[in-house]
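Input: a single structure, listed below in structure tokens.
Read-outs throughout are calculated quantities, based only on the coordinates presented, and are distinct from any laboratory measurement. Keep in mind that this is a model prediction, so the values were computed, not measured. Reconstructed Cβ throughout: ideal geometry from the backbone, glycine too, with neighbour counts over all protein chains shown.
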Amino acid sequence: MSELFKGIRVIDFSNNVAGPVAATMLADFGAEVIKIEKPFVGDDSRGFVPFVEGKSVMFMWLNRGKKSIVLDMKSPEGKEIFKSFVRKADVVVESFRPGVMERLGLNYEELKKINPKLIMCSASAFGQTGPYRQLPGYDMIAQAVSGVMAITGYPDGPPTKIGPSLADYCCAFNAFGAIASSLFYREKTGIGQYIDVSLADSILAINDHVEIGFQDPNVSRNGNHHVMIGPYGVFSGNNGSIALGAVNENLWAKLCKLMGKEEYIDHPDYNNTGKRVKVLDSVIEMIETWLKTFDSMVEAEKILKENGIPCAKINTVQDLKTDPHYLARGMITELKTPQLSVGSVKTRGIHIKFSETPGEMGVSPELGEHTDELLRDILGLDDEGINELKAKGAFGTK
């Protein structure tokens, strides 16, 4: 187990992707993470594909290394158990729509009364303030409202959703960093704090077209090429395509020499990246004509790499299984799944590499697997007390 967050107890009261990933990253680096789940159904991600032997691999990845307890937060007993955990916790992560925690009597102002050093992180679609705060939202909605979708796709086509859940993961990574920063601040001052992160804010923060768009109202989608720098995009040849970037003048000169187009190195219409964007169609045609002189893109990629020009073939998701770089970096790895007969499944690995405190991917919990254990070990309840709470519906009733 990593020593980085050893001794830190986290209450994961979140659902879906953003909040759970932030809490999972803390678990990877040594925190004890207690996942509070809904009775009978648990986290929504337990229903996400793909399934192996009837269990969601996505849930396993999103919630590795956690302990699961089922609580019915509509029952007074369920709320009291939650508060009892908070008294002995360092961090709470929640992902309800703004106002829900307040209605439950579990908002930060109430929880810090019972634990003044508590760090609480709320991950929501639009944040805790502003006119959109109460609107429901998912990753795709955040992509739409942030302007990211409007600049993705081709000029003559519709706005396009980015494939992965980019807003969710941006929010998760920001939440992880914010929680770690807050723990550092608390270490210095003894003071906890409240963190407000959202999908919409997090993805807007990476929209690097905002500033140019404010200056040029005509900026829109540009397909597989960049509106500000070039050549920087996806270029087609025989038997495939390649991602290539030759944006500075040194790289442009190298590329021109490879293509036998030395006259364009200092050409007044091509001698800096901003000018090349204005004649992008001719740049694309020049590069793709050269690429088509090769029988395959593998040959072109080899020559480009040998000359120090950033490029890469377009990997499929299936290609990643055997990619030597990602395998060497541990980014494609085996997640232990003792609940499955296969014993492990191939998944993404831990993307932050610490020299002294490397992370470790733990096992995901079955729904409510640790309910009795946590009540005994943390709250000191015995079998009689646990059974009494069960009878009162603290863990849900049918």
Per residue of region 127-138, in order, report the coupling 6.51 cos²θ - 1.76 cosθ + 1.60 (Karplus, θ = phi - 60°) as ³J(HN,Hα) in whole Hz, putting x for Gly and Pro. x, 8, 10, x, x, 8, 4, 8, 6, x, x, 10
Theoretical ellipticity at 222 nm over the chain - DSSP helices of four or more residues, -39500 (n - 2.57) apiece, nearest 500: -10000 deg cm²/dmol
Indicate, rounded to the nearest 5 percent, the antiparallel portion of the DSSP beta bridges found entirely in the chain. 45
How would 262, 37, 288 line up from fewest to most surrounding beta-carbon atoms within 10 angstrom? 262, 288, 37
The set of residues whose placed amide H lies less than 5 Å from the amide H of residue 52, leaving out same-chain residues fewer than 5 positions away, is 57
For the pairs 79/346; 6/83; 74/188, note any where the Cα-Cα span goes beyond 31 Å. 79/346; 74/188
For region 1-57, which trypsin sites (Lys or Arg not before Pro) pass both filters: DSSP loop (anything but H, G, I, E, B) and at most 14 other C-beta atoms within 10 Å? 6
Treat each spin label as a single point 7 Å out from the Cα along the C-beta direction, and report the residue 306 to residue 261 distance in nm. 2.1
Please turn the phi angles of region 140-152 into ³J(HN,Hα) values with the Karplus equation 6.51 cos²θ - 1.76 cosθ + 1.60 (θ = phi - 60°), one per residue in order, whole Hz, x for glycine and proline. 4, 5, 5, 4, 5, 6, 7, x, 5, 5, 5, 9, 10
For region 280-365, state which trypsin sites (Lys or Arg not before Pro) are in a DSSP loop and have at most 11 other beta carbons lying within 10 Å of their beta carbon. 353
May I ask you to evaluate 6.51 cos²θ - 1.76 cosθ + 1.60, the Karplus curve with θ = phi - 60°, for each residue of region 252-263 and list the ³J(HN,Hα) values in order in whole Hz, giving x for glycine and proline? 4, 5, 4, 5, 4, 5, 4, 7, x, 10, 4, 5
Would you mind checking the tilt of helix 76-87 against the longest principal axis of the Cα atoms of the chain, expressed as 0 to 90 degrees and rounded to 10? 70
